[in-house]
Each structure stands twice: as C-alpha cells, then as structure tokens.
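Asks: This structure is in structure tokens; I'll ask about it shortly.
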Amino acid sequence: MPLAYYSRAASQEFWSEHWAGEDVRALVDVARVSPLTSIIERALPPRGRLLEAGCGLGPYVILLRERGRAIAGVDWSLDALGRCKAAAPAAPLAVMDLGALAMGDGVVDAYVSLGVVEHDPRGPAAIVAEAARVLAPRGRLLLSVPYWNGVRRLCACHLAREARRLRDAGGEFYQFAFTRREIRTFLEAHDFRVLSFHPYDPARMPRKALARLVGRPRRDASPLPNVEVNPTERATRGALRPVVKRLAYSQVSLRLFGHMILAVAVRS
C-alpha cells in the first residue's frame with residue numbers, strides 16, 4: 001500500500017492559497033533551468049499535440065509553447081488558469097475534471113501530469129484511466145508522483161505512525177507516496193507500458209529537515225540588499241554550485257532523496 005500523508009485536503013481553496021505567493025513568470029524561469037525540464041523534453045514525442053493535466057499556474061504550458069510545442073493545459077482551478085492566462089494570453093487553457101475530461105478519445109499524442117494523481121484519496125485509477133482514453137495509440141504518458149525513496153523506506157515505521165497520529169487528530173488526507181512497483185502496477189492496469197523512471201528534486205527533503213533542525217530564519221534576519229558579498233565568498237559559492245548539483249543528481253542521491261519520481265510510459 002502507498003504511504004498516505006495527512007494534513008489538509010488538497011482542495012481548490014488549498015491550491016489557491018498555495019499558489020497565491022507565486023509569480024508565474026518566475027516559475028517559468030525556474031523551469032527553464034530545471035533538470036526535470038530536460039527529462040521531460042527528451043521523453044516527449046518529437047511532434048504532436050500535448051496536454052498538461054493539472055497544469056496549475058502553467059509554467060510548463062508557457063515554456064513548451066515558447067519552444068514551439070503544441071500544448072494545452074487543463075486544471076480544476078479557475079483562479080490558477082486565470083493567472084496563467086494573464087501571464088500568457090495566447091495559452092490554450094480550460095477548466096476540467098481530470099477524471100472526466102471534456103475531450104474525445106485518442107486526441108492527444110502526449111499527456112503530462114506533474115504531482116497531481118497522488119492527491120486523490122481514492123487513488124490514481126480514475127485519472128490514469130482517463131489519460132489512457134484521450135491518448136492516441138502509442139501516445140506517451142509522463143506522470144510524476146511523490147517517491148517512496150530510500151530515506152522514506154528507512155523511516156517507514158516513523159512515517160506510518162506520524163500519519164496515523166495526524167489522521168486521528170483530525171488531519172485530512174493530503175497525498176500518497178508510491179514505490180516504483182506501485183506506479184508500474186497502476187499504469188499497467190490501464191494498458192500502459194513503463195519505459196523508464198526518473199527520480200528528481202533531491203534537495204527538498206534535506207532542505208526541509210535542515211529548516212526544522214535550525215528553525216526558520218526571521219524575516220528581518222535576511223542579508224541587507226545593499227551589503228556587498230565578499231568576492232572570494234561569491235567565487236567559492238559559484239565554483240561549488242555545479243559540484244553540489246552533480247552530487248545531488250547522482251543515481252545514489254536520487255534513489256535516496258528524490259522527492260518525486262517521473263514515470264515515462266507508452267499506451268499499449
């Protein structure tokens with residue numbers, strides 16, 4: 001069984017609040033340099049119609065359109081799509097239920113869903129079945145979910161106890177985390193053949209653990225904007241950044257710490 005997390009239900013109100021402080025164009029800039037973007041672009045078919053299901057504020061819809069791809073975005077949040085439309089008026093967007101898309105059978109060549117299906121307390125089956133329906137034969141599915149990685153496996157008993165404690169204290173279902181085997185099982189149940197798995201976002205778990213350990217800094221504790229950083233310190237940071245990134249994205253680090261995992265599959 002996948003690990004369940006409890007805190008607050010991932011409702012439309014939750015996502016509106018979650019995205020409230022985000023800048024759409026800043027998210028697009030992050031996507032430009034993200035290692036995930038390279039994985040996505042390599043996995044997509046060279047041409048054809050693309051759909052991002054659960055696109056939220058739409059940074060990948062905007063970025064991939066800028067790069068010449070025919071992509072549309074759907075989400076259940078009118079607020080999120082409105083903000084995306086304000087940043088990119090030409091982006092084709094629509095409010096839809098991902099479990100009942102207002103689209104014909106086999107009309108898209110690739111279906112992208114990043115961090116969406118894990119929030120359905122009934123499991124991913126309904127959304128994955130609908131993805132299979134709208135995909136053309138041999139169409140590509142790119143689907144990411146929280147990853148039951150090495151560290152989570154080591155902490156399985158603690159995480160399960162904490163989940164029960166939060167649930168019993170009135171916490172609402174938030175999301176599942178899945179193993180590779182569980183992902184393969186629910187995809188194959190809907191006639192997908194998994195081609196590859198790609199863990200990503202290895203810094204999130206260590207960063208959150210460190211924040212809990214040292215406590216979050218006060219708002220007034222950030223460096224003053226007009227204080228010059230020591231040139232030697234700046235050069236050292238710049239030299240270390242690519243080394244740290246290579247270590248973080250090594251296979252060992254990704255298996256241990258990858259917060260999310262992207263499955264690439266083809267519709268049989």
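The values are calculated or read from the model by the stated rules, or taken from the named source; none is laboratory data. Predicted model only: the values in this text are computed from it and were never measured. Here the Cβ positions follow ideal geometry from the backbone for every residue, glycine too, while neighbour counts run over all protein chains shown.
Asks: Which residue, of V95, V128, V145, is within 25 Å of A31 (Cα to Cα), surrounded by fewer than 19 Cβ atoms within 10 Å (Cβ to Cβ), touching a Phe, Trp or Tyr at 6+ places or on another chain (Cβ under 8 Å) and among the hydrophobic types (A, V, I, L, M, F, W, C)?
Replies: V95
Asks: Would you mind stating whether L78 is out of contact with any Ser or Thr (no Cβ under 8 Å at 6 or more places or on another chain) and at pLDDT below 95?
Replies: Values: out of contact with any Ser or Thr (no Cβ under 8 Å at 6 or more places or on another chain): yes; at pLDDT below 95: yes.
Yes; evaluated as a whole, the condition is true for this residue.
Asks: On the given criteria, is V116 touching a strand residue (DSSP E or B) at 6+ places or on another chain (Cβ under 7 Å) and modelled with pLDDT of 95 or more?
Replies: yes
Asks: Of everything in segment 14-34, what is loosely packed, with under 15 Cβ neighbours inside 10 Å and in contact (Cβ under 8 Å) with a residue 40 or more places away in the chain? Give them in sequence order.
Replies: S16, R25 - these are the residues of segment 14-34 that are loosely packed, with under 15 Cβ neighbours inside 10 Å and in contact (Cβ under 8 Å) with a residue 40 or more places away in the chain.
Asks: Could you tell me which residue of segment 250-265 is nearest to V116 (Cα to Cα), considering only residues that are assigned to a strand (DSSP E or B) and touching an Asp or Glu at 6+ places or on another chain (Cβ under 9 Å)?
Replies: M260
Asks: Just give me the residues in segment 72-124 being among the acidic types (D, E) and either touching a residue at least 60 places away in the same chain (Cβ under 8 Å) or not in a strand (DSSP E or B) (or both), in sequence order.
Replies: Hits for segment 72-124 are D79, D105, D109, E118, D120.
Asks: Taking the condition of being farther than 14 Å from S77 by Cα, out of contact with any strand residue (DSSP E or B) (no Cβ under 8 Å at 6 or more places or on another chain) and hydrophobic (A, V, I, L, M, F, W, C), how many residues in segment 46-62 meet it?
Replies: Residues that pass the stated criteria total 1.
Asks: With the checklist (1) of a type in the set (A, V, I, L, M, F, W, C); (2) closer than 15 Å to L141 by Cβ; (3) assigned to a loop (DSSP other than H, G, I, E, B) in hand, flag the one item I40 doesn't pass.
Replies: Of (1) of a type in the set (A, V, I, L, M, F, W, C); (2) closer than 15 Å to L141 by Cβ; (3) assigned to a loop (DSSP other than H, G, I, E, B), only one is false for I40: (3).
Asks: Quick check on L50: is it in contact (Cβ under 8 Å) with a residue 40 or more places away in the chain and surrounded by 23 or more Cβ atoms within 10 Å (Cβ to Cβ)? So that I can check it myself, show each step before the final result.
Replies: Values: in contact (Cβ under 8 Å) with a residue 40 or more places away in the chain: yes; surrounded by 23 or more Cβ atoms within 10 Å (Cβ to Cβ): yes.
Judged against the criteria, L50 is a match.
Asks: Can you pull out the residues in segment 1-13 that are among the charged types (D, E, K, R) and either assigned to a loop (DSSP other than H, G, I, E, B) or touching a residue at least 60 places away in the same chain (Cβ under 8 Å) (or both)?
Replies: Residue satisfying the conditions is R8 alone.
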